[in-house]
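Worksheet: the structure to be examined is printed underneath.
The values are calculated or read from the model by the stated rules, or taken from the named source; none is laboratory data. Just so it is clear, the structure is predicted and the values come from calculations on it, not from any experiment. A quick note on method: Cβ atoms are made from the backbone with ideal geometry, for glycine too, and the neighbour counts reach across all protein chains shown. Note: accessible area is taken over every heavy atom of the protein model, side chains too, but ligands, DNA and RNA are not part of it. Shrake-Rupley method; radii C 1.70, N 1.55, O 1.52, S 1.80 Å.
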Amino acid sequence: DNNTGLVWEQAPTTMATWTDARLQCINKTVGGTRGWRLPSVAELASLLDPTLPAPFVPAVFTGVEQMAPYWTATANADSSSITSKLSLNFQDGMVGVSAKSNANFFWCVRGPMNDSAY
């Protein structure tokens, strides 16, 4: 991604709970490289291009599901609960909250982590 300097999976992964999605990213090996993780909500939202039709992402990315939220690593600051995380829906580009026990889609990313974005 020339905008952020991050490396994204070309096609997002299937559904999992937040914990399982996080572990699948951490354990992912692509082209002999590791270091994948869940993106922050700001990183994931950076893929959105409102000039494109839903799912609002460039055609280089394939298989983006529009009808379900995608996990982020960002905590839900509006709640004292540690059982939820922010998620992003590519149907409308809106950020929401998902219980970590829900099965959501996830999109792994590689690159430096900006702690202030979490």
*asked:* Using only the alpha carbons of segment 1-95, what is the convex hull's orientation-averaged projected area in square nanometres?
replied: 6.6 nm²
_Positive-end residue of SER84, LEU23, LEU47, charge dipole of the chain with Cβ unit charges_ = LEU23
*Size of the dipole of the chain about the Cα centre, Lys and Arg at +1 and Asp and Glu at -1 on the beta carbon, nothing else charged, in debye to 20?*
400 debye
*Counting only heavy atoms of the protein chains, get the accessible area per residue of the chain (1.4 Å probe) and round it to a whole Å² value.*
54 Å²
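Tally up the carbon and sulfur contribution to the accessible surface of the chain as a whole percent, 1.4 Å probe, everything protein left in place.
Values: 3480 of 6320 Å².
Heavy-atom surface of the chain belonging to carbon and sulfur, 1.4 Å probe: 55 percent.
Fully extended, how many nm does the chain gain between VAL97 and ASN3 (0.36 nm per residue separation, minus their Cα-Cα distance)? Each step should come with its number before you reach the end.
Values: separation 94, 0.36 × 94 = 33.84 nm, distance 2.58 nm.
Working it through step by step, the gained length comes to 31.3 nm.
Report the local net charge at MET15: Lys and Arg +1, Asp and Glu -1, summed over other residues whose C-beta lies under 14 Å from its C-beta.
Numbers: positive: ARG22, LYS100; negative: ASP20, GLU65.
Summing Lys/Arg as +1 and Asp/Glu as -1 gives 0.
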